[in-house]
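The values are calculated or read from the model by the stated rules, or taken from the named source; none is laboratory data. Model, not experiment: these values are computed from the prediction. Neighbour counts run over all protein chains shown; Cβ positions are idealised from the backbone, glycine included. Please note that ligands, DNA and RNA were not included when accessible areas were found on the heavy atoms of the full protein model with its side chains. Shrake-Rupley method; radii C 1.70, N 1.55, O 1.52, S 1.80 Å.
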Amino acid sequence: MKIRNIQQFIFLFLTACSLHAAQNVDFYATESSSQDTGMIQMTTDHFYSQFQTIDGYVVIDHRKDHYSPDKAGSNIAFYAEIQEAPEGGWICTLNALKGDSKKAVTSTKKYDSYYMILLDAKPSLENLLSNLAGKAVQETPQVQKETAPVQKAHTDIENLSGTWAGEDFIDKILILRSGKGVIIYKNGAIMNVSVEIEDKNVHIKQTGRSNASYFPELPRATALKNAASAPPVEWKLTLTPDGKLQGEKNTLVEDEDSPGGVAEGIVKVIWQRRK
């Protein structure tokens, strides 16, 4: 019994020390003049989710607020700045400020595409925080190239990673090397998806709750009525010899004879890599 009590004490002590050591981070909205507000919001959310995976930090959500110096406190304040480069591409600046020590660090990189900003999110955040803590870290190159050498262990996902398009109501599809992706609809909705690959078969599945905006093919009233109970949207695709993704999309389709006016159906789709 005594041994068990000692083990519990050690566990509680270590847990308390860990919580005490964690630093709070106020995560603010991204500053940008870009008209592509859907992409800016998606990138902000991606940075936020990646920040939460870094050990030693408790991230406080202030994504609806813009940072200003008068908000400085004992927490670390973080916000990103993303602008379109005049010559093409994107310029992303990450800012981390420690109010009580009046210390601030920034990191600016130019990217050829938005996809590369998403891909570089976590290592960029880790470098920024290490620099804020005074640790020397080797920065990644200033200009990120999509043609950089890839690891052979991830050949399949590497070949598919990038930006795709091909459906009437979808603006673009981003496939990341992490096995995740983002579907950006023309109506502004953003869907997170998982990506699994086996040989030439690609399975893409919605993650998270359904949204009426994920079903733009349906009348709005019908989509609103059925979205909450809708199964995840799925794509079962095959990589063709000419580099396209072709197959079926499982989603809700109109069906007057079914309850709610919809039924699960299959839609033929073809995706092409977007240049």
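Condition check: over 22 Å from E158 (Cα atoms), of a type outside the set (S, T, N, Q), in a strand (DSSP E or B) and in contact (Cβ under 8 Å) with a residue 24 or more places away in the chain. Does L237 satisfy that?
Details: over 22 Å from E158 (Cα atoms): no; of a type outside the set (S, T, N, Q): yes; in a strand (DSSP E or B): yes; in contact (Cβ under 8 Å) with a residue 24 or more places away in the chain: yes.
When the stated conditions are applied, L237 does not pass them.
Just to be sure, is L252 among the aliphatic types (A, V, I, L, M) and surrounded by fewer than 17 Cβ atoms within 10 Å (Cβ to Cβ)?
So L252 fails the test.
Select from region 241-267 the residues that are farther than 30 Å from D156 by Cβ, among the charged types (D, E, K, R) and assigned to a loop (DSSP other than H, G, I, E, B) and list them in ascending order.
Those that are farther than 30 Å from D156 by Cβ, among the charged types (D, E, K, R) and assigned to a loop (DSSP other than H, G, I, E, B): D255, E256, D257.
Test G88 against the criterion of being over 20 Å from S130 (Cβ atoms) and of a type outside the set (V, I, T), and give yes or no. Outline the logic, then answer.
Details: over 20 Å from S130 (Cβ atoms): yes; of a type outside the set (V, I, T): yes.
When the stated conditions are applied, G88 passes them.
Out of everything in region 49-84 that is among the hydrophobic types (A, V, I, L, M, F, W, C) and over 27 Å from D36 (Cα atoms), what residue ends up being surrounded by the most Cβ atoms within 10 Å (Cβ to Cβ)? Lay out the reasoning, then the answer.
Within region 49-84, the subset among the hydrophobic types (A, V, I, L, M, F, W, C) is 51, 54, 58-60, 72, 76-78, 80, 82.
Still in the list and also over 27 Å from D36 (Cα atoms): 54, 58, 72, 76.
Numbers: I54: 13, V58: 11, A72: 16, I76: 25.
Among residues in region 49-84 that are among the hydrophobic types (A, V, I, L, M, F, W, C) and over 27 Å from D36 (Cα atoms), the one surrounded by the most Cβ atoms within 10 Å (Cβ to Cβ) is I76.
Is one or more of the residues making up region 37-59 at pLDDT 80 or above, touching a helix residue (DSSP H, G or I) at 6+ places or on another chain (Cβ under 8 Å) and in a strand (DSSP E or B)?
The answer is yes; a qualifying residue exists.
List the pairs whose first member sits in region 120-131 and is of a type in the set (D, E), whose second member is open to solvent by less than 30 Å² (accessible area, probe 1.4 Å), and whose Cβ atoms are under 7 Å apart, counting only residues at least 6 apart or on separate chains?
That search, which allows pairs on different chains as well, returns D120/Q144; E126/I54.
Specify the residue that is nearest to V182 (Cα to Cα); the eligible residues are those in region 198-210 that are surrounded by 12 or more Cβ atoms within 10 Å (Cβ to Cβ) and among the basic types (K, R). Give the steps one after another, and end with the answer.
Start the filter on region 198-210 by keeping residues that are surrounded by 12 or more Cβ atoms within 10 Å (Cβ to Cβ), which leaves 200-206, 210.
Retained after the next criterion (residues that are among the basic types (K, R)): 200, 205.
On the way: K200: 20, K205: 10 Å.
Applying the filter and picking the extreme gives K205.
If a residue has to be touching a Gly at 6+ places or on another chain (Cβ under 9 Å), among the charged types (D, E, K, R), surrounded by 14 or more Cβ atoms within 10 Å (Cβ to Cβ) and outside any strand (DSSP E or B) to count, how many in region 85-120 make the cut?
1
Which of the following residues is over 15 Å from I173 (Cβ atoms), surrounded by 14 or more Cβ atoms within 10 Å (Cβ to Cβ) and among the polar types (S, T, N, Q): S229, S213? Lay out the reasoning, then the answer.
Numbers: S229 fails: surrounded by 14 or more Cβ atoms within 10 Å (Cβ to Cβ).
Going through S229, S213 in turn, the sole match is S213.
Within region 31-41, is there a residue that is within 16 Å of L128 (Cβ to Cβ) and buried (at least 18 other Cβ atoms within 10 Å of the Cβ)?
Checked region 31-41: no residue is within 16 Å of L128 (Cβ to Cβ) and buried (at least 18 other Cβ atoms within 10 Å of the Cβ).
Just to check your reading of the model, which residue among G243, G261 is farther than 27 Å from T163 by Cα and touching a residue at least 24 places away in the same chain (Cβ under 8 Å)?
Details: G243 fails: farther than 27 Å from T163 by Cα.
Only one candidate qualifies: G261.
Consider only pairs whose beta carbons are under 9 Å apart and that are at least six residues apart or on different chains; among these, list those whose first residue lies in region 46-72 and is in contact (Cβ under 8 Å) with a residue 24 or more places away in the chain and whose second residue is among the aromatic types (F, W, Y) and in a helix (DSSP H, G or I).
Y57/F51; V59/Y48; V59/F51; D61/Y48; R63/Y48
Could you list, in sequence order, the residues of region 173-197 that are open to solvent by 30 Å² or more (accessible area, probe 1.4 Å) and closer than 18 Å to D45 by Cβ? Walk me through it before giving the result.
Step one: of region 173-197, the residues open to solvent by 30 Å² or more (accessible area, probe 1.4 Å) are 177-178, 180, 186-188, 190, 192, 194, 196-197.
Result: S178, K180, N187, G188, I190, N192, S194.
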